[in-house]
Amino acid sequence: MFFEIIQAIFTAAAALALFVFAGITLGGSAVGLAVSTPLFVIFSPILVPATIATTLLATGFTASGSFGATALSILMWLYKKYTGKEPPKIPGMTPAAPKSKPADSGGKTE
């Protein structure tokens, strides 16, 4: 029981840290976009700095999304582990259950 409590605390702390990283990365990417936009207009003939800035921004947004998705998956895992049930389904977002097929008789006919 004690190990599970410690495990939940560390897992929740990891999820919180990833959410913080996602927010910081998203904020930094937005600031980078705001700072680099005028540079794109002024130095539009110079493609190398534009390419570098765009690559850095794309990397920042990708990292932000990855940190957020990882933190959400950790929280979903915690929910499943400690409640023993699936989280509530969102109507329209959950795929329909597959239709059951009749049992195969193995090619035998009577």
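Just so it is clear, none of the values below were taken in a lab; they were calculated from the coordinates. As the structure is a computational prediction, the values presented were derived from the model and not from experiment. Virtual Cβ from ideal backbone geometry, glycine too; neighbours counted across all protein chains shown.
For the chain, a simple Cβ point-charge model (Lys and Arg +1, Asp and Glu -1, everything else neutral) yields a dipole of about 260 debye relative to the Cα centre.
State the volume of the convex hull built on the alpha-carbon positions of the chain, expressed per residue in Å³ and rounded to an integer. Display every interim value, and only then the final one.
Details: hull volume 27.4 nm³, N = 110.
In the chain, the Cα convex hull volume per residue is 249 Å³.
With respect to the chain, whose longest principal axis is taken over its alpha-carbon atoms, helix 2-42 is tilted by about 40°. Among GLY60, GLY28, GLY92, determine the one that fluctuates most according to a GNM of the chain built with springs between C-alpha atoms less than 10 Å apart. Greatest mean-square fluctuation among the candidates belongs to GLY92.
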